[in-house]
1. So what is log10(I(q)/I(0)) for the stretch 53-193 at q = 0.15, 0.21 1/Å, when the Debye sum runs over its Cα atoms only?
2. To the nearest 0.05, how large is the calculated FRET efficiency for residue 174 and residue 86 if R₀ is 45 Å and r is the Cβ-Cβ distance?
3. Sticking with the crude label model, points 7 Å out along Cα→Cβ, report the distance from residue 144 to residue 112 in nm, one decimal please.
Amino acid sequence: MKLTSVVFALALSSVVGSAGCARSPSAPAAPDSPTDGTPDGPAGAPADSPPPRATPGAIAVLDGLINLAGVGKLPNPVVVAAAGHATDRFHLGVFTGLDQWTAFAAAAGVADFADVDWTTQMVVYVVLDAQTNELGFKRFELQRDGHATLHIDWLGIEPYYQDSTPAVLALVARGDLDRISVTADGATLGAIENL
């Protein structure tokens with residue numbers, strides 16, 4: 001299990017279990033969960049002291065599973081086909097206000113993310129609606145002229161998440177951003193424009 005998923009599970013007060021219900025990071029994993037309870041998984045780590053995490057270019061990051069119901073609450077997503085997967089789609093976009101974030105967080109089962117100053121910050125999201133695979137935050141790079149790139153890892157593992165799906169959420173400064181490109185393993189997925 002990748003360290004980013006471990007940190008995601010520890011950073012939340014609850015994470016999505018394979019049956020779509022919340023479970024505490026210290027609870028035993030569901031039988032079909034990709035978390036096996038080994039020392040590198042959430043069940044083997046102390047829930048009250050997550051390890052330090054580098055979030056290059058981002059203020060805060062969550063990457064791991066969200067409730068599938070959260071996909072329907074994504075504001076204005078750019079929907080991109082997942083290469084080699086006929087029916088799976090990436091949803092790319094940003095949360096720019098409290099109302100849209102609150103509706104999403106409740107549906108997605110996201111809690112205790114970070115305090116967001118909606119006047120100066122936004123949350124960039126990448127959600128894969130496949131109910132399988134794993135996404136991980138790599139880095140957020142500011143470029144020039146209002147452009148930035150969110151780099152993620154896309155691991156093609158094949159567990160089936162009954163009521164959840166992988167996501168990356170990155171809290172970033174708005175600044176003068178007007179375009180964010182998203183790459184997975186070096187290949188461009190798409191861009192979020194007119195921010």
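Only the coordinates and a few stated rules stand behind these numbers; no lab work does. Computed from a predicted structure; not experimentally measured. A quick note on method: Cβ atoms are made from the backbone with ideal geometry, for glycine too, and the neighbour counts reach across all protein chains shown.
1. Once normalised to I(0) and log-transformed, intensities are -0.67, -1.41.
2. About 0.80, to the nearest 0.05.
3. 4.3 nm
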